[in-house]
Amino acid sequence: MYNSLTRLQNVFGFFTTVAFVVAAIIGASDFAVPRTPSAGIKTTNVQVVKGRPHYYSTKKEEYAIIKFSLDADLSSLFTWNTKQLFVYVTAEWTSPKGNNQTNSAVIWDTIITSPSSDHLANIGPATLKKLRKSAAGKPIDKSRGLLQLKNQKPKYQITHPSGRIAETDDVVLKVHYNVQPWVGFLTWNQGQDYGLWKAVSGGLSKAFSLPAVKKKDEKKA
């Protein structure tokens, strides 16, 4: 009954139990650290152009290009258990005709790694060397949570399934984040306060309207 295989199974079962308990404690420790993220965002330039969704498409669609400025302090999201932070900006607007359907499209995103996970970043060797040098001896580099972007170009142009997006009213830009820990649950930006974790202060731009598509004669003029 108590052969070598049974003893090995008992040792492995005890090890996994201890590992699970330790992981649970590490994951729960995040709730003891305050989170007070804040962000300010505004548009700097908005254009609507026409283009083909595919090179072989004969029908053109309208695409919105939205430049913005972002000033965010997400440093409180970085703890010793933070692996990386995913930050993205969406453009949101309500569909017309009173159906209250909200459209949301990502226009920009970035991944901010912690010093302990820089080796996982998909960046070049020169940039990786600078990151490691700036974070030398720092298990937590909260300066990476400070974002200051001026007249930032969007990574993605946005459109609508109907192919028409020009002259859309009440469009807003919204800042989102996703904290990816080494151990524990993924957490997203919350809409309200939960204990020491506070909702994002700001993070929403003023409403604006998308302009009409410029015609060729208007461009020449």
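Accessible area per residue for the chain is 65 Å², calculated with a 1.4 Å probe on protein heavy atoms, without ligands, DNA or RNA. Highest GNM mean-square fluctuation, the chain, Cα pairs closer than 10 Å: which of N122, N178, N45? Highest fluctuation among the options: N122.
Within the accessible area of the chain, the carbon and sulfur atoms contribute 56%, probe 1.4 Å, all protein chains present.
Take every pair of alpha-carbon atoms less than 8 Å apart whose residues are at least six positions apart; their mean separation over the length of the chain yields a relative contact order of 30 percent. Think of each Lys and Arg Cβ as +1 and each Asp and Glu Cβ as -1; about the Cα centre, that makes the dipole of the stretch 1-129 roughly 400 debye.
Rounded to the nearest 20, the size of the Cβ-charge dipole of the chain about its Cα centre is 920 debye, with Lys and Arg at +1 and Asp and Glu at -1. What's the local net charge at P125, with K and R +1, D and E -1, over the other residues with C-beta under 15 Å away? Summing Lys and Arg as +1 and Asp and Glu as -1 gives +3. Per-residue ellipticity at 222 nm, computed for the chain from helices alone with -39500 (n - 2.57) per DSSP H run of at least four residues, works out to -6000 deg cm²/dmol.
Sites listed here are trypsin sites (Lys or Arg not before Pro) in the stretch 130-221 whose DSSP assignment is loop and whose Cβ has at most 16 other Cβ atoms within 10 Å: K155, R164, K198, K206, K214, K215. Where the centre of each part is set by its Cα atoms, how far does the stretch 52-101 sit from the stretch 1-30, in angstrom? Taking the Cα centre of each part, the stretch 52-101 and the stretch 1-30 sit 43 Å apart. Within the set (i) 31, 19, 15; (ii) 30, 23, 19; (iii) 44, 21, 19, the number that semi-axes √(5λ) of the Cα gyration tensor in Å takes when calculated for this structure is listed as (iii). Can you give the FRET efficiency for K155 and T16, using 1/(1 + (r/R0)^6), R0 = 30 Å, r = Cβ-Cβ distance, to the nearest 0.05? Using R0 = 30 Å, I get an efficiency of 0.10.
The alpha-carbon of K133 sits under 20 angstrom from the alpha-carbons of these aspartates and glutamates, leaving out residues fewer than 8 places away in its chain: D118, D141. Look at the dipole of the stretch 7-210 built from charges on Cβ: of Q152, A64, S95, the Cα furthest out on the positive end belongs to Q152.
The values are calculated or read from the model by the stated rules, or taken from the named source; none is laboratory data. What you see is a predicted model, and the numbers here were worked out from it, not measured in a lab. Note: ideal-geometry Cβ built from the backbone for every residue, glycine included; neighbour counts use all protein chains shown. Side chains are part of the model used for accessible areas, which takes the heavy atoms of the whole protein and leaves out ligands, DNA and RNA. Shrake-Rupley method; radii C 1.70, N 1.55, O 1.52, S 1.80 Å.
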